[in-house]
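Only one structure is covered here, and it is reproduced in the block below.
The values are calculated or read from the model by the stated rules, or taken from the named source; none is laboratory data. For clarity, every value in this text was computed on a predicted model and none was experimentally measured. Glycine also receives a Cβ, built like all others from the backbone with ideal geometry; neighbour counts cover every protein chain displayed.
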Amino acid sequence: MNTKDTNARRNRLRFIWVIPILLLIVTAIPKVIGLEFMVINMQKANMGHMTFYIGVIELICAIVFLIPKTRKLGFLLCVAYIGGIMSAQWIGKSFNMGLIMQILLWIGMYFEDSNLFRLSDSKF
């Protein structure tokens, strides 16, 4: 495989992070707006009183990630937030969705900036 093909493939794979970021945005909006189904779901998880605030935090994480200059900070915020999703879901049920989001985010960020994952020359 030549370098041009490798770079083209890498450029396509770097946008795999779009999936978890879109999921964060799509689930944040009903929380912020206070849609009934989302409030009921949050109440089932004993977090009904925090629905609005959790939605705002979700939106902030996604927006910070979407801004190219703050993408690394947004990546860390999203990883931490999705880790919280996984731990909250682990208590009550399966944490598969959070795990899938986390994997896609890490893979996408690796193809976005592989230097972030090199300890010796990381410029984080």
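Between a first residue in segment 113-124 that is over 14 Å from residue 69 (Cα atoms) and among the basic types (Lys, Arg) and a second residue that is surrounded by 11 or more Cβ atoms within 10 Å (Cβ to Cβ) and modelled with pLDDT under 80, which pairs have beta carbons less than 9 Å apart while being 6 or more apart in sequence or on different chains?
Short answer, once both residue conditions are applied: none.
Yes or no: segment 12-19 includes at least one residue that is free of Cβ contacts under 8 Å to residues at least 60 places away in the same chain and either in a helix (DSSP H, G or I) or within 22 Å of residue 108 (Cβ to Cβ) (or both).
Yes: one or more hits.
Report yes if some residue within segment 34-49 is crowded, with 19+ Cβ neighbours inside 10 Å, among the hydrophobic types (A, V, I, L, M, F, W, C) and in contact with a Cys (Cβ under 7 Å, 6 or more places away or on another chain); otherwise report no.
no
Within segment 15-74, which residues are farther than 29 Å from residue 113 by Cα and hydroxyl-bearing (Ser, Thr, Tyr)?
If we filter segment 15-74 for residues that are farther than 29 Å from residue 113 by Cα, which is where we start, we get 30-53.
The answer is 51, 53.
For segment 55-70, name all the residues that are free of Cβ contacts under 8 Å to residues at least 24 places away in the same chain and either assigned to a helix (DSSP H, G or I) or surrounded by 14 or more Cβ atoms within 10 Å (Cβ to Cβ) (or both).
From segment 55-70, those free of Cβ contacts under 8 Å to residues at least 24 places away in the same chain are 60, 63-64, 67-70; that's our starting set.
If the condition is that a residue be free of Cβ contacts under 8 Å to residues at least 24 places away in the same chain and either assigned to a helix (DSSP H, G or I) or surrounded by 14 or more Cβ atoms within 10 Å (Cβ to Cβ) (or both), then 60, 63, 64, 68, 69, 70 are the ones that fit.
So which residues in segment 77-102 are among the aromatic types (Phe, Trp, Tyr) and either exposed (fewer than 14 other Cβ atoms within 10 Å of the Cβ) or more than 14 Å from the chain's Cα centre (by Cα) (or both)?
Selection gives 90, 95.
When you look at residue 87, is it part of a helix (DSSP H, G or I), polar (S, T, N, Q) and at pLDDT below 95, yes or no?
The answer is yes for residue 87.
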